[in-house]
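Peer 1: Just passing along the structure, written as structure tokens.
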Amino acid sequence: RRILGIDTSCDDTGVGIVELAPGGRVRVLANRIWSQTVHAQYGGVMPELASREHVERIDDILQDALREAGLELADLHAVAATSGPGLVGALLVGLMYGKGLAQALGVPFYSAHHLEGHIFAAASEANLQTPYLALVVSGGHTHLFDVPAPGSYELVGATKDDAAGEAFDKIARLAGLGYPGGPAISAAALRGDPHSVPFKEPLQGQKGFDFSFSGLKTAALLAHRAGATPENLAASFQQAAVKFLVKTTVRAAEHLGRRTVVVSGGVAANAALREAFGKTGLNVVFPGKGLNTDNGAMIALAGAAALQKNREPSPLTVGAEAYVPLANTSKTG
Ligand code: ATP
Ligand code: FE
């Protein structure tokens with residue numbers, strides 16, 4: 001069975017298609033993303049412009065995805081779309097489009113939680129079984145969940161201030177490295193000395209598993225003013241952030257007795273983070289290519305999980321929600 005997934009939660013118009021085999025294995029057939037460029041001139045995402053761009057692009061992106069998969073609309077068995085969290089106006093475009101499409105095709109519609117999509121982006125292709133730990137490191141979240149059973153998410157820790165991706169973006173802007181900051185920092189770090197700028201480990205000695213990036217951000221600002229080069233700043237910040245993320249996650253895994261960890265969201269694309277997690281001895285699973293940052297395939301994977309478990313389709317009255325916690329809510333998968 002083939003499932004279409006749509007994500008329009010922020011400034012990327014994503015449409016993906018996955019195939020669900022009878023045994024539950026999934027395969028990504030298409031993953032098309034239109035990353036909006038209109039926001040660059042404003043230095044941040046303009047919600048109203050984001051919605052308008054989604055409206056203008058979604059038809060084309062859907063056609064691109066169908067072409068990539070070699071399918072027609074009639075070949076689809078279910079449609080999934082993100083209902084939150086995200087920008088309400090942006091979410092509404094993909095959500096309404098998905099509902100309309102499902103109804104026109106006479107197939108089930110599933111609304112999906114954006115963060116569950118990020119987690120499925122890694123977990124599904126690896127065919128992971130629960131229990132596992134899931135670290136979502138993206139532009140808006142740095143959240144650590146324990147996933148003891150399918151569809152059950154317990155919040156273990158979260159950032160007290162900025163998200164990891166947000167810190168990458170802000171420090172990149174400070175160092176004049178451009179946007180989005182993650183890939184820019186990662187590239188500049190290759191040419192810098194990670195030991196040149198001292199960063200204090202955040203929340204040292206905490207008993208819990210929370211995250212914080214405001215201290216690193218302030219330290220970066222001071223180092224920048226003191227003349228640290230963009231490359232040295234990038235290398236040192238990246239090393240400090242990676243070390244902190246890995247250490248906290250490993251402590252949580254030991255505390256909960258988990259051997260498998262899913263790391264997903266845009267920052268999971270970071271090569272240094274992947275390398276460091278690779279050395280922990282844990283079974284660490286990352287999203288495949290093109291599945292780290294926002295995309296439609298991850299939402300199709302959430303829809304596939306729902307279909308696989310014979311979940312009730314979502315009512316067509318389901319609305320978009322700006323803030324909706326993943327823990328203790330009803331889920332697709
Ligand atoms: P959320 O999912 O929390 O709503 P979002 O959807 O905006 O936020 P994603 O698209 O998952 O976030 O990720 C975008 C973030 O990932 C940006 O902050 C970007 O800088 C960061 N990022 C992308 N590539 C890398 C990389 N190679 N290294 C570090 N960070 C990266
Ligand atoms: Fe995201």
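Peer 1: Where both residues lie in the chain, what percent of DSSP beta bridges are antiparallel, nearest 5? Walk me through the numbers on the way to the answer.
Peer 2: Numbers: 25 of 42 bridges.
Looking only at bridges with both residues in the chain, the antiparallel portion is about 60 percent.
Peer 1: To continue, here is another question. Residue by residue, what Karplus-based ³J(HN,Hα) values in Hz, rounded to whole numbers, does the stretch 194-209 have, using 6.51, -1.76 and 1.60 with θ = phi - 60° and x for Gly and Pro?
Peer 2: Karplus-based 3J(HN,Hα) across the stretch 194-209 equals x, 9, 6, 10, x, 10, 7, 5, x, 6, 4, x, 5, 7, x, 10 Hz.
Peer 1: While we're looking at this one, here's another question. Hey, what angle do you get for helix 164-174 against the long axis of the chain, alpha-carbon based, 0 to 90 degrees rounded to 10?
Peer 2: 60
Peer 1: Between rounded, prolate and oblate, where does the stretch 39-163 land on the alpha carbon gyration tensor, with a ≥ b ≥ c its root eigenvalues, rounded for a/c under 1.5, else prolate if a/b exceeds b/c? Don't skip to the end; give the middle numbers.
Peer 2: On the way: a/c = 2.17, a/b = 1.21, b/c = 1.79.
It comes out oblate by the Cα gyration axes.
Peer 1: Output ³J(HN,Hα) for the stretch 3-16: one whole-Hz value per residue in order, computed from phi by the Karplus curve 6.51 cos²θ - 1.76 cosθ + 1.60 with θ = phi - 60°, and x for Gly and Pro.
Peer 2: Values, residue by residue: 10, 9, x, 10, 10, 10, 6, 9, 10, 10, 9, x, 10, x Hz.
Peer 1: Turning to a different aspect of this structure: Give me HIS39, HIS255, HIS113 ranked fewest to most by other Cβ atoms within 10 Å of their Cβ, as a rough exposure proxy. Write down the numbers at each step before the final one.
Peer 2: Numbers: HIS39 18, HIS255 14, HIS113 25.
Ordered by Cβ neighbours within 10 Å, fewest first: HIS255, HIS39, HIS113.
Peer 1: Which value in deg cm²/dmol, rounded to the nearest 500, describes the helix-derived mean residue ellipticity at 222 nm for the chain, given -39,500 (n - 2.57) per DSSP H run of n ≥ 4 and division by the residue count? Write out the running numbers ahead of the final one.
Peer 2: Details: 9 runs with 130 residues, N = 333.
Calculated from helices alone, the mean residue ellipticity at 222 nm is -12500 deg cm²/dmol.
Peer 1: Loop-only GluC sites (Glu not before Pro) in the stretch 30-110, please: DSSP not H, G, I, E or B, and at most 11 other Cβ atoms within 10 Å. Walk me through the numbers before you get to the answer.
Peer 2: Values: sites: GLU48, GLU53, GLU56, GLU68, GLU72; in loops: GLU72.
In loop regions of the stretch 30-110 (DSSP not H, G, I, E or B), the sparsely surrounded GluC sites (Glu not before Pro) are GLU72.
Peer 1: Could you order peptides 240-248, 164-172, 309-317 by the average number of other Cβ atoms within 10 Å of their residues, highest first? Please list the in-between numbers first.
Peer 2: Working: 240-248: 21.0, 164-172: 24.8, 309-317: 12.3.
Ranked by mean Cβ neighbours within 10 Å, highest first: 164-172, 240-248, 309-317.
Peer 1: Once amide H atoms are built 1.01 Å from N in the peptide plane, which residues 5 or more positions from THR142, or in another chain, come under 5 Å H to H?
Peer 2: Under 5 Å from the amide H of THR142: THR159, ALA164.
Peer 1: Volume per residue, Å³, of the convex hull around the alpha-carbon atoms of the chain? If you can, show how the numbers build up before the last one.
Peer 2: Details: hull volume 40.6 nm³, N = 333.
Normalising the Cα hull of the chain by residue number yields 122 Å³.
Peer 1: Sticking with this one: Any idea what angle helix 214-225 forms with the longest principal axis of the chain, computed on alpha-carbon atoms, 0 to 90 degrees, nearest 10?
Peer 2: On a 0 to 90 degree scale, this one is about 50.
Every read-out reported here was derived from the displayed coordinates using simple, explicitly stated rules and does not represent laboratory data. On a predicted model such as this, the values are computed, not experimentally measured, just so you know. So basically every Cβ, Gly included, is an ideal-geometry build from the backbone, and we count neighbours across all protein chains shown.
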